[in-house]
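The structure under discussion appears below in the form of structure tokens.
Values quoted throughout were computed directly from the atomic coordinates according to the rules given, and no laboratory measurement underlies them. The structure presented is a predicted model; accordingly, all values stated were derived computationally and were not measured. Cβ placement follows ideal geometry from the backbone for every residue including glycine, while neighbour counts extend to all protein chains displayed.
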Amino acid sequence: MVRRHKPGARTRMARARSVSSLRKAVAALRARGERVAFVPTMGALHEGHLSLVRLARRSAERVVVSLFVNPLQFGPREDFSRYPRPTARDRALLAAEGVDLVWEPEVADVYPPGDRTRVHVDGLSDVLEGASRPGHFAGVTTVVTRLLNAVQPDLLWLGQKDAQQALILERLC
Ligand code: PAF
């Protein structure tokens, strides 16, 4: 009996940690010529994130979500260590939405020791929220560049709750 693959058919959600395991898993998703939509998040998922995941699912056969609390976008007086990380709950929510792959890198996977390279979108990153949170948007643009470089998706889905961030990321892309 020949088993036919149904494009976008649901599979058990896979998990990756290192960049190399992520790349292998994405390559496996792409093996049948299916498109990959990507939703980057810092976890602690809520309905807004899940609505992006649903849009992503409708836009491509495969969906990859990252859960990564990015230290680079926190200022010295903003508490990175206390940011919520309800990982088991996040995984369960993503699995229930039919996500194909969740990527949970360690800080050292995204920022290897000694890394000093930053991505900065001039102008817009330095006004409004950027003026009161120096370095914040460079932290966002640097991490999104790295996540995109690792996943290399066909489509990227981002929230618009932070309008300045959304515009900066549009310029970055
Ligand atoms: O908006 C967010 O949740 C974050 O800034 C993002 C885009 C996932 C980058 O860490």
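Starting from the alpha-carbon convex hull of the range 49-136, give the projected area averaged over all orientations, in nm².
On the way: hull surface 30.6 nm².
Spelled out: convex hull of the Cα atoms, projected over all directions, averaged, 7.7 nm².
Net charge near Ala16, counting Lys/Arg +1 and Asp/Glu -1 over other residues with Cβ under 9 Å of its Cβ? Mind dumping the intermediate values first?
Working: positive: Arg15, Arg17, Arg23, Lys24; negative: Glu104.
Residues close to Ala16 contribute a combined charge of +3.
In this label model, Ala44 and Lys161 are separated by 0.9 nm, measuring between points 7 Å along each Cα→Cβ vector.
Summing charges over all other residues whose Cβ lies under 10 Å from the Cβ of Gly139, with Lys and Arg as +1 and Asp and Glu as -1, gives +2. Diagonalise the Cα gyration tensor of the chain and give the resulting equivalent ellipsoid semi-axes, square root of 5 times each eigenvalue, largest first, whole Å. Values for the chain, descending: 29, 16, 16 Å.
Hey, what number do you get for the chain at 222 nm if only DSSP H runs of n ≥ 4 count, each worth -39500 (n - 2.57), divided across all residues, to the nearest 500?
Details: 7 runs with 69 residues, N = 173.
About -11500 deg cm²/dmol.
Judged by the mean number of other Cβ atoms found within 10 Å, the most tightly packed of the peptides 97-105, 45-53 leads the ranking 97-105, 45-53.
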